[in-house]
Amino acid sequence: MKSVTESANVAEREIVVIGAGQAGLSAGYFLTRAGLAPESDLTIVDHAPGPGGAWQFRWPSLTLRTANRVHDLPGLPLRTDRDEVPAAVVVPAYFAEYERRFGLRVRRPVSVRAVRGDGELLRVETDSGTYLTRGLINATGTWERPFVPYYPGIGLFRGRQLHTRDYVRADEFAGKRVVVVGGGISAVQLLDEISRVAATTWVTRREPEFHEQPFSADDGRAAVARVEDRVRHGLPAESVVSVTGLPVTDRVRAARARGVLRRLPMFSRITEDGVVWDRQLPGGPAAGTALEADVILWATGFRSALDHLAPLQLRGPGGGITMTGRLATEVAADPRIHLLGYGPTASTIGANRAGRVAVRELLTHLGQPAPVV
């Protein structure tokens, strides 16, 4: 390993990992198994105040039972019978134990301002110092970049607008008129909760696709393959979740029976008092229909949090980053950089495998021994 140099708040590391969610911790585990010593050869930085990745910020009603699934990190299974306890409690405790058990010594809260090229090295500039590194694993996920689409009049609305990221509990909407925008799993979960205490309207850009049959391993592989093909061709990444559809659970069946899942096509614009459909779309209200609302909840997903990589100019003309490598985690234009949680690896299902493969490929590129696991 390269010797460590420290001067003027600049430290040299073999590899820096940005982000300590599931993918970042998985990468840290495999890097230490390969012989990199935390805070000597390896530094992991994380923007959040404590362990747990994005899980620590989830709404209280999201439990391990209602979450899509929390997958075990390598080397330490998640053993709990607390399925009804908020995931925001259970998962951070699990991640904290994982960091202690394997001595990963995550530095937090650290915000990465920019990553720049510096000759043969990469320069990682943070609010607590600068790292010069030979290799970078970026595992920042999407939580820091909630996406709200623009619609005419969005700034006129006098009611409350919030994103899924800001949701806490349904009780705060009691007695109000709430428009829920979005066709994903989170939208359906929150629609179900809020509809128990408020008048809700569900609006989506396209017809939601429900899967009555259990989601199979083949379905998962097909979804990942579709997203992977896009990033290998430099196209903007879709999320894996966006192409898997909506599973029909007992809660979904109950919501259907209550008439909650009656979907309307997207409105045309937003007014001071609600939303308007200027033209009639299939399944939608008549042209000119206005709906008064007190709240608009944007359950419209997230985008990859990669702004700090902008100085490297990795994006192509279409806005995507061309990826390569076995699992499409390696940046084609700069093999010193691997992106975990981008495109096909943006799910907890593939985080461990992606971490292992990315570490092997990066260490091979740097001429270092790869982990045996």
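The values are calculated or read from the model by the stated rules, or taken from the named source; none is laboratory data. Here the structure is a predicted model, which means the values were calculated and not measured. When we count neighbours, we look across all protein chains shown, and the Cβ atoms used for this are built from the backbone with ideal geometry, even at glycine.
Yes or no, residue by residue, for (1) closer than 16 Å to GLY341 by Cβ; (2) modelled with pLDDT under 95:
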{"site": "ARG65", "(1), (2)": "no, yes"}
{"site": "VAL70", "(1), (2)": "yes, yes"}
{"site": "ASP83", "(1), (2)": "no, yes"}
{"site": "TYR94", "(1), (2)": "no, yes"}
{"site": "ARG100", "(1), (2)": "no, no"}
{"site": "ALA139", "(1), (2)": "yes, no"}
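Taking the stated definitions as given, is TYR150 of a type in the set (Phe, Trp, Tyr) and in the same structural domain as ALA333 (by TED's automatic domain parsing)? Against the criterion (of a type in the set (Phe, Trp, Tyr) and in the same structural domain as ALA333 (by TED's automatic domain parsing)), TYR150 does not qualify.
Annotation for segment 74-88: at least one member residue is polar (S, T, N, Q), loosely packed, with under 14 Cβ neighbours inside 10 Å, out of contact with any strand residue (DSSP E or B) (no Cβ under 9 Å at 6 or more places or on another chain) and over 20 Å from PHE302 (Cβ atoms).
As a summary of the residue check, ARG353 satisfies the conditions (1) surrounded by fewer than 19 Cβ atoms within 10 Å (Cβ to Cβ); (2) more than 19 Å from the chain's Cα centre (by Cα); (3) farther than 21 Å from ARG123 by Cβ except for the one numbered (2).
Take the conditions assigned by TED's automatic domain parsing to the domain that holds GLU292 and either in contact with an Asp or Glu (Cβ under 8 Å, 6 or more places away or on another chain) or within 30 Å of GLU361 (Cβ to Cβ) (or both) and apply them to VAL168. Does it pass? Can you show your working first?
Numbers: assigned by TED's automatic domain parsing to the domain that holds GLU292: yes; either in contact with an Asp or Glu (Cβ under 8 Å, 6 or more places away or on another chain) or within 30 Å of GLU361 (Cβ to Cβ) (or both): no.
No: the conditions fail for VAL168.
Of the set (1) crowded, with 18+ Cβ neighbours inside 10 Å; (2) part of a loop (DSSP other than H, G, I, E, B); (3) in contact (Cβ under 8 Å) with a residue 40 or more places away in the chain, all apply to HIS308 but (2). Looking at PHE95, PHE57, just one residue is crowded, with 21+ Cβ neighbours inside 10 Å and under 30 Å from THR249 (Cβ atoms), and that residue is PHE95. Residues being under 21 Å from LEU36 (Cβ atoms) and among the hydroxyl-bearing types (Ser, Thr, Tyr) are entirely absent from segment 146-161. Residues that are small (Gly, Ala, Ser) and assigned to a strand (DSSP E or B) within segment 274-305 comprise GLY274, ALA290, listed in sequence order. GLY175 passes every criterion in (1) in contact (Cβ under 8 Å) with a residue 12 or more places away in the chain; (2) within 30 Å of PRO335 (Cα to Cα) apart from (2).
Checked against (1) more than 28 Å from VAL124 (Cα to Cα); (2) outside the structural domain of VAL178 (by TED's automatic domain parsing), THR322 meets all criteria but (1).
Out of ARG169, ARG221, ARG165, report the one residue that is crowded, with 19+ Cβ neighbours inside 10 Å and of a type in the set (Lys, Arg). Show your work before the answer.
Values: ARG169 fails: crowded, with 19+ Cβ neighbours inside 10 Å; ARG221 fails: crowded, with 19+ Cβ neighbours inside 10 Å.
Testing whether each residue is crowded, with 19+ Cβ neighbours inside 10 Å and of a type in the set (Lys, Arg) leaves just ARG165.
Name the residues in segment 259-277 that are of a type in the set (D, E, K, R) and surrounded by 12 or more Cβ atoms within 10 Å (Cβ to Cβ), would you?
ARG263, ARG269, ASP273, listed by residue number.
When you check ARG336 against the structure, is it farther than 13 Å from ALA237 by Cα and either surrounded by fewer than 19 Cβ atoms within 10 Å (Cβ to Cβ) or not assigned by TED's automatic domain parsing to the domain that holds GLU172 (or both), yes or no? Here the answer is yes, as ARG336 does meet what is asked.
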